[in-house]
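Following: one structure in structure tokens, then a few remarks.
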Amino acid sequence: MTAPLRFTTSWDDGHPLDLRLAELLGARGFAATFYVPRHNREGRPVMTSAELRALGAGFEIGGHTLDHVRLTGLPAAERDRQIRDGKRRLEDELGRAISGFCYPGGAHDRATRRAVRAAGFRYARTVTNLSLEPPRDRFQIATTLQLFPHRPLTYLRNFARRGRWRARALPLAICLGDRSLDGCLEDVLRFAAARGGVFHLWGHSWELEAHGLWGALDRFLRLAGALVAHEHRVPNAAVIAGDAVSQPA
Ligand SMILES: [Zn+2]
């Protein structure tokens, strides 16, 4: 018998619209992990401490550096400060420890992964998409789809650059065969529900607003609500719990 599909979601950048997202996810009965920096060097707003605590009351919070900076290529001391101080700030504001991290821009290499682990994080998410496998390396957690209407070329580029092609080929083929974001989300989820594994949806609340994607998210959550039992809708931390995972190489 196929193991039941586990369904997780994650949302990056700590924009104040994350609270709207949390409301929608909560109303539809879904767990999520929010990866939050404390400033954003690209100029987008970030939640206040009070907003962060409100979000953290119902959802997992993870690190995303202090200032939302790409970590590869940074001097080691600055890279480590961004990872550690981002973690400390979130923990001070929330009053509890956090265990997850997400690499800004998906940029990571061996030294970055080691630094994230050394800072006390237990796992880290990437921007690799089209994966339905349970994580093999807890510091390189892949996703399935971003809530964003990517062009076919973007899916192809992500696929080509990020390896594990055999396991990702069918989700890629499904998405390339669909003409819309809704179709791609639905068809990959139905495929996943029949075969098991992990479906990991991710995105940015500011992007949902900028591209008018709130309705697409709501439609997709209604569908997922019909296909995924409550006990299998989990935060990112629960996707690694219990899986045989390797340490970062
Ligand atoms: Zn980000």
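Values in this text are rule-based calculations from the coordinates and carry no lab data. Bear in mind the structure is a predicted one, so any value in this text is a computation, not a measurement. Glycine also receives a Cβ, built like all others from the backbone with ideal geometry; neighbour counts cover every protein chain displayed.
Projecting label points 7 angstrom from Cα along Cα→Cβ for residue 92 and residue 19 puts them 2.2 nm apart.
Taking the chain, the Cys residues with no second Cys beta-carbon under 4.7 angstrom are 102. Whole-Hz Karplus values for segment 220-228 come out as 5, 5, 4, 5, 4, x, 7, 9, 10 Hz, taken residue by residue from phi with 6.51 cos²θ - 1.76 cosθ + 1.60 and θ = phi - 60°; glycine and proline positions read x.
With Cα atoms defining each centre, segment 54-72 and segment 183-242 are spaced 20 Å apart in the structure. Computed from the alpha carbon positions, the gyration tensor of segment 110-249 leads to an equivalent ellipsoid with semi-axes of 25, 17, 16 Å, biggest first. Give me the net charge of residue 81's neighbourhood, meaning all other residues with Cβ under 15 Å from the Cβ of residue 81; Lys, Arg count +1, Asp, Glu -1. With Lys, Arg at +1 and Asp, Glu at -1, the net is +4.
Normalised by the number of residues in segment 1-108, the mean separation of alpha-carbon contacts (under 8 Å, six or more apart) gives a relative contact order of 26 percent. Expressed as a whole number of Å, what is the distance separating the alpha-carbon centroids of segment 89-157 and segment 24-48? Rounded to whole Å, the Cα centres lie 15 Å apart. Our helix-only sum for the chain, with -39,500 (n - 2.57) per DSSP H run of n ≥ 4 divided by its residues, gives a mean residue ellipticity at 222 nm of -13500 deg cm²/dmol.
Charging the Cβ of each Asp and Glu at -1 and of each Lys and Arg at +1, and nothing else, the dipole of the chain about its Cα centre rounds to 840 debye.
Semi-axes of the equivalent ellipsoid for the chain, computed as √(5λ) from the eigenvalues of its C-alpha gyration tensor and ordered from largest down, come to 26, 21, 18 Å. Protection proxy ranking for 208-220, 98-110, using the average of other Cβ atoms within 10 Å per residue and placing the highest first: 98-110, 208-220. Derived scalar couplings between HN and Hα for segment 136-145 equal 9, 10, 5, 9, 9, 6, 8, 10, 9, 9 Hz in order, rounded to whole Hz, by the Karplus curve 6.51 cos²θ - 1.76 cosθ + 1.60 (θ = phi - 60°), x for Gly and Pro. Each of 112, 83, 95 was scored by the projection of its Cα onto the charge dipole of segment 80-203, and the greatest displacement toward the positive side belongs to 112; charges sit on the C-beta of Lys, Arg, Asp and Glu.
For the chain, what is the relative contact order in percent, using Cα pairs closer than 8 Å and at least 6 residues apart in sequence? Computed over the chain, the figure is 28 percent. Take the Cα of residue 156, step 7 Å toward its Cβ, do the same at residue 214, and the gap between the two points is 3.5 nm.
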